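The values are calculated or read from the model by the stated rules, or taken from the named source; none is laboratory data. As the structure is a computational prediction, the values presented were derived from the model and not from experiment. Glycine gets a Cβ as well: all are built from the backbone with ideal geometry, and neighbour counts include every protein chain shown.
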Amino acid sequence: MKILISADMEGATGVTWPADVLPGTPQWERCRGMFTSDVNAAVQGFFDGGADEVLVNEAHWTMRNLLLEQLDERVEMLTGRHKALSMVEGVQHGDVDGIAFIGYHAGAGMEGVLAHTYLANQITGVWIDDVRASEGLLNAHVVAEYGVPVVLVTGDDVACEDALGYAPEALKVAVKDHVSRYAAVCRTPARTAAAIRAAAKEAARLAVRHEPVEAGPFTVAVEFDAEHLAMAATVVPGVARVGERKVAYTSATMYEGIRTFKAVTTIASAAVEEQYG
Ligand SMILES: [Zn+2]
């Protein structure tokens with residue numbers, strides 16, 4: 001049994017504000033330890049549950065946050081940027097039986113600690129076929145096309161609630177309870193690690209590959225906080241303006257959908273001016 005872990009940081013234990021997840025800050029240095037603790041607990045739980053292989057794919061910011069030297073020695077870790085499937089890279093080779101979303105968070109425009117979808121501020125909402133989407137939902141569609149079930153989700157309580165929509169069967173561990181975008185009631189790493197390890201052990205039972213799901217085509221809409229970002233995004237072929245600050249495109253599969261989404265977010269973020277946005 002092979003498990004893939006997609007590890008994002010905003011939903012990690014103890015994390016509640018931007019500097020906690022911003023590479024290079026002293027706060028980030030401290031929070032890396034708690035992020036690594038969450039991921040390591042999941043790794044150990046999956047091995048407890050019978051996994052033969054666990055691959056961790058870093059999915060936050062520059063994708064260089066986890067402390068490899070503190071992880072269980074049986075694991076392998078994919079670190080760094082530029083990967084065909086981004087946050088769920090590694091799922092496409094036909095050998096993954098289940099995936100865990102560790103440190104996930106609510107989507108842009110939702111309540112939730114550090115809620116956003118890819119861009120921290122400039123995207124105010126993403127919809128897939130009119131359903132408001134988080135990164136969890138986007139990635140769940142991608143992995144379903146490879147027949148890989150989402151078996152475990154960790155994050156704040158809102159991220160866990162969000163996961164009920166895209167992975168009802170998956171085990172969920174809330175490592176903190178949302179109070180506002182920048183505040184949460186947090187539990188200690190020792191306590192969250194124990195909960196994540198136990199849940200991962202149980203989640204290993206759900207790691208059974210199924211037939212690839214062909215749910216497309218998907219219409220993806222992206223709303224920005226400024227009009228010029230929508231205009232900039234329309235240089236991506238197939239992306240059309242559907243509102244003053246909103247664009248949309250249709251993709252046959254979510255494999256294509258997530259790639260177009262990355263192109264849209266890359267171009268939109270390059271169009272942001274420091275002072276006026
Ligand atoms: Zn994220």
Requested in this report: Might you check whether a residue that is within 15 Å of the ligand (Cβ to nearest atom) and in contact with a Leu (Cβ under 6 Å, 6 or more places away or on another chain) occurs anywhere in region 160-167?
Outcome: yes
Query raised in the report: V54 is checked against (1) crowded, with 16+ Cβ neighbours inside 10 Å; (2) closer than 24 Å to E274 by Cα and fails just one. What number does that condition carry?
Result: (2)
Query raised in the report: Of everything in region 85-95 that's more than 14 Å from the ligand (Cβ to nearest atom) and touching a residue at least 40 places away in the same chain (Cβ under 8 Å), which residue is surrounded by the most Cβ atoms within 10 Å (Cβ to Cβ)?
Result: V91
Query - Cβ pairs under 9 Å, 6+ apart, first in region 213-230 and closer than 13 Å to R132 by Cβ, second part of a strand (DSSP E or B) and among the aromatic types (F, W, Y) - result: V220/W127; V220/Y249; A221/W127; A221/Y249; V222/W127; V222/Y249; E223/W127
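Have a look at G165, G238 and point out the one that is closer than 19 Å to D129 by Cβ and assigned to a helix (DSSP H, G or I). Even if it seems obvious, please write down each step before you answer.
Working: G238 fails: assigned to a helix (DSSP H, G or I).
That would be G165, the only listed residue that is closer than 19 Å to D129 by Cβ and assigned to a helix (DSSP H, G or I).
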Report summary line: Subset of region 1-18, residues more than 16 Å from the ligand (Cβ to nearest atom) and outside any strand (DSSP E or B), comes to M1, G14
Report task. Could you figure out which of (1) assigned by TED's automatic domain parsing to the domain that holds D8; (2) more than 14 Å from the ligand (Cβ to nearest atom) isn't true of E58? Result -> (2)
Requested in this report: Test T36 against the criterion of being of a type in the set (S, T, Y) and either surrounded by fewer than 20 Cβ atoms within 10 Å (Cβ to Cβ) or within 11 Å of the ligand (Cβ to nearest atom) (or both), and give yes or no.
Outcome: no
Report task. Of the numbered conditions (1) more than 16 Å from the ligand (Cβ to nearest atom); (2) of a type in the set (G, A, S); (3) more than 21 Å from T192 (Cβ to Cβ), G98 fails exactly one; give the number of that condition. Result -> (3)
Query raised in the report: Among the residues of region 239-256 satisfying the criterion of being within 18 Å of V142 (Cβ to Cβ) and in contact with a helix residue (DSSP H, G or I) (Cβ under 7 Å, 6 or more places away or on another chain), which is surrounded by the fewest Cβ atoms within 10 Å (Cβ to Cβ)?
Result: Y255
Report summary line: Just one listed residue, out of V113, V175, is surrounded by 20 or more Cβ atoms within 10 Å (Cβ to Cβ) and in a loop (DSSP other than H, G, I, E, B), and it is V113
Report task. Run down A221, A198 and say which single residue is farther than 20 Å from V143 by Cβ, of a type in the set (A, V, I, L, M) and over 20 Å from the mean Cα position of the chain (by Cα). Result -> A198
Query raised in the report: How many of the residues making up region 103-125 are more than 9 Å from the ligand (Cβ to nearest atom), more than 24 Å from D177 (Cβ to Cβ) and under 14 Å from the mean Cα position of the chain (by Cα)?
Result: 1
Query raised in the report: Quick check: anything in region 128-145 over 26 Å from A226 (Cα atoms) and part of a strand (DSSP E or B)?
Result: no
Query - Some residue of region 130-141 being under 21 Å from F46 (Cα atoms), within 16 Å of the ligand (Cβ to nearest atom) and of a type in the set (G, A, S) - result: yes
Report task. For G45, indicate whether it is in contact with a helix residue (DSSP H, G or I) (Cβ under 8 Å, 6 or more places away or on another chain), buried (at least 16 other Cβ atoms within 10 Å of the Cβ) and not assigned by TED's automatic domain parsing to the domain that holds I258. Result -> yes
